[in-house]
Amino acid sequence: MFEVIKTQGRARRGVFQCAHGTVQTPVFMNVGTQAAIKGAVSALDLKEIGCQVELSNTYHLHLRPGDGVVKEMGGLHKFMHWDGPILTDSGGFQVFSLSGLRKIKEEGVTFASHIDGRKIFMGPEESMRIQSNLGSDIAMAFDECVENPATYEYAKNSCERTLRWLARCKEEHDKLNAQPDAVNPHQMLFGINQGATFPDLRVWHMQETAKIDCDGYAIGGLAVGEPTEVMYDIIDAVEPHMPQNKPRYLMGVGTPSNIIEAVARGVDFFDCVMPARNARHGKLYTWEGSINIKNEKYKLDESPIDPQCDCPVCRNFSRGYLRHLFVAGEMLAMRLAVLHNLYFYNSLMAHIRAALDEGTFDAFRETYSAKLDQRL
Ligand SMILES: [Zn+2]
């Protein structure tokens, strides 16, 4: 299911097989929260901008339209018209970050919907059932993403519980895949490492998590406000304890530089709302650094966002036109900006893979790691 075909230092070039196709890694997953990419981008567009894996949010789809509705509509692939791989998160992160009122118990979490305030219960079994109804290729285990900063005591109790939750997820997931009416009987399950910013907890939790046979393993609970160096230190501590023959996923990360640095530390999968969110605010990525397209200096600029970019936006539209769309508040501004930024991230990953194929990743990292995060 996953094969590492080349390595350079700790960086891995791999191929991952799932029910809806083959994924070349390292890969950046494009976030379509509610089965749509914010900024009026559809699954048809994802094909054109080089997306390999789409990521949807369990919490959001459970609340609206309801995972039962999605199942009746034939599953998430058919519902949103995307035939490639889909990963669904567990809902845990949103339960803990979006809902104001929540109560954690051993069984799971009771929380208030951020839409209408109604009380909802979600635990490992519920999360697995919802993701089974959605029919994604990869389901994520239900975990608690501990707030930063956290006390050692809290983080320890929490990641022990997350471990017990993973065992329950695994049991329920196996049961659901065996159901005759399973939307995707080949759905995979990834476990998640937690432990806040405490290296010893992180390592212990990873070692215990790896004992439960999952199809991949993620590092969660990072990029939640801790300094970048702390994040890199945690990856350095955890990575040696992650199974070599399974994909590794760093959740919610990050800037182009964060991605290059995490690839160098042995990570294969990424996702982040940053490129799409930044696009909607006019912050666009180029191979020289990022620009703010709303800036006055682009008013009469006839060049594309990035002369080195082959995306549908850069092939057809000028900076001056895009700036005008932003200033005029046209919806098209966001759509074009999101298309470019996601294409940029997907193409960044393609460049990383090519560098790994050619054995030039160190030079690529040297040239681009700092450069891509600078503002022009
Ligand atoms: Zn472009």
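The values are calculated or read from the model by the stated rules, or taken from the named source; none is laboratory data. Just so you know, these numbers come straight off a predicted model, no measurement behind them. Cβ placement follows ideal geometry from the backbone for every residue including glycine, while neighbour counts extend to all protein chains displayed.
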Selection within the range 97-108 - within 24 Å of the chain's Cα centre (by Cα) and either assigned to a loop (DSSP other than H, G, I, E, B) or under 29 Å from CYS18 (Cα atoms) (or both)
LEU98, SER99, GLY100, GLY108
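Table: residues versus (1) buried (at least 24 other Cβ atoms within 10 Å of the Cβ); (2) not in a loop (DSSP other than H, G, I, E, B).
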residue: ASP181; (1), (2): no, no
residue: GLY191; (1), (2): yes, yes
residue: VAL230; (1), (2): no, yes
residue: PRO243; (1), (2): no, no
residue: ALA262; (1), (2): yes, yes
Is there a residue being among the basic types (Lys, Arg), farther than 28 Å from ALA139 by Cα and more than 16 Å from the ligand (Cβ to nearest atom) anywhere in the range 320-336?
no
In the range 284-302, which residue that is hydroxyl-bearing (Ser, Thr, Tyr) and more than 11 Å from the ligand (Cβ to nearest atom) is surrounded by the most Cβ atoms within 10 Å (Cβ to Cβ)?
TYR298
Is it fair to say VAL23 is surrounded by fewer than 21 Cβ atoms within 10 Å (Cβ to Cβ) and either part of a loop (DSSP other than H, G, I, E, B) or not polar (S, T, N, Q) (or both)?
no
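Each row is one residue, and each column tells you yes or no for (1) under 17 Å from ALA167 (Cα atoms); (2) of a type in the set (A, V, I, L, M, F, W, C); (3) modelled with pLDDT of 90 or more; (4) assigned to a loop (DSSP other than H, G, I, E, B).
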position: THR110; (1), (2), (3), (4): no, no, yes, no
position: ILE115; (1), (2), (3), (4): no, yes, no, yes
position: ASP143; (1), (2), (3), (4): yes, no, yes, yes
position: ASN148; (1), (2), (3), (4): no, no, no, yes
Does LEU201 count as within 23 Å of PHE79 (Cα to Cα) and either in contact (Cβ under 8 Å) with a residue 12 or more places away in the chain or in the same structural domain as PRO243 (by TED's automatic domain parsing) (or both)?
no
Filter the range 303-319 for residues that are part of a helix (DSSP H, G or I) and exposed (fewer than 14 other Cβ atoms within 10 Å of the Cβ); the one that is nearest to the ligand (Cβ to nearest atom) is ARG315
Of everything in the range 32-56 that's assigned to a strand (DSSP E or B) and touching a residue at least 40 places away in the same chain (Cβ under 8 Å), which residue is farthest from the chain's Cα centre (by Cα)?
VAL41
Restricting attention to the range 324-345, which residues are surrounded by fewer than 21 Cβ atoms within 10 Å (Cβ to Cβ) and within 16 Å of THR25 (Cα to Cα)?
none
Can you tell me which condition VAL224 does not meet? The list is (1) within 20 Å of LYS156 (Cβ to Cβ); (2) assigned to a helix (DSSP H, G or I), and all the others hold.
(2)
Given (1) outside any loop (DSSP other than H, G, I, E, B); (2) farther than 25 Å from PHE2 by Cα, identify the lone condition not met by LEU87.
(2)
